[in-house]
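J.: Below you will find the structure I want to go over with you.
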Amino acid sequence: MIAETVCSAVAAAGLGIAAVTAYRKRFLSAARIAAYALVPLGLVMTGVVQWLADTAFSPTAWAGFGVLGGAWLLFSTTRAVERRRGGTRKERKEARAAQQRDAVAPTASAPSLGPGTRAAGKPESAPRGQAADDFSDIEAILKKHGI
């Protein structure tokens, strides 16, 4: 009985705050405050508050909450262990087999670089005639796009 009275008072106070907010021309905030204020009143009218009050003093309900908490704890623990290990046992075995199947021989993993054709000294500068040819490609692209 007292829970219904408290919820109704909270709803009335919230609607009063919403009215003051609307008077200040903040209609969106006022509508949001009114929505939050009407929730406790709706819970009282639907009987949810009475159901919660009956559940709060029931030892069977608390035992049920304990069982649900234990189930959640087991589920989250097994998920954490599975993530840490990298999947189930079967998935780890398949991954190990795929890794061995795709493995490359150690001698093949090193890149083979043949002797270079250019000298290791300074790079050769391009002749003056060749630099103009390099820009001809760029000029063709720019003309193609109308630039």
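The values are calculated or read from the model by the stated rules, or taken from the named source; none is laboratory data. Everything numeric in this text was worked out from a predicted model, so none of it was measured. Cβ placement follows ideal geometry from the backbone for every residue including glycine, while neighbour counts extend to all protein chains displayed.
J.: How many residues are modelled with pLDDT of 95 or more and surrounded by 14 or more Cβ atoms within 10 Å (Cβ to Cβ) when one looks only at the stretch 19-33?
T.: 0
J.: Can you give me the number of residues within the stretch 49-80 that are within 33 Å of the chain's Cα centre (by Cα) and surrounded by 13 or more Cβ atoms within 10 Å (Cβ to Cβ)? Outline the logic, then answer.
T.: Pass one, the stretch 49-80, residues within 33 Å of the chain's Cα centre (by Cα): 64-80.
So of that shortlist, the ones also surrounded by 13 or more Cβ atoms within 10 Å (Cβ to Cβ) come out as none.
So the answer is 0.
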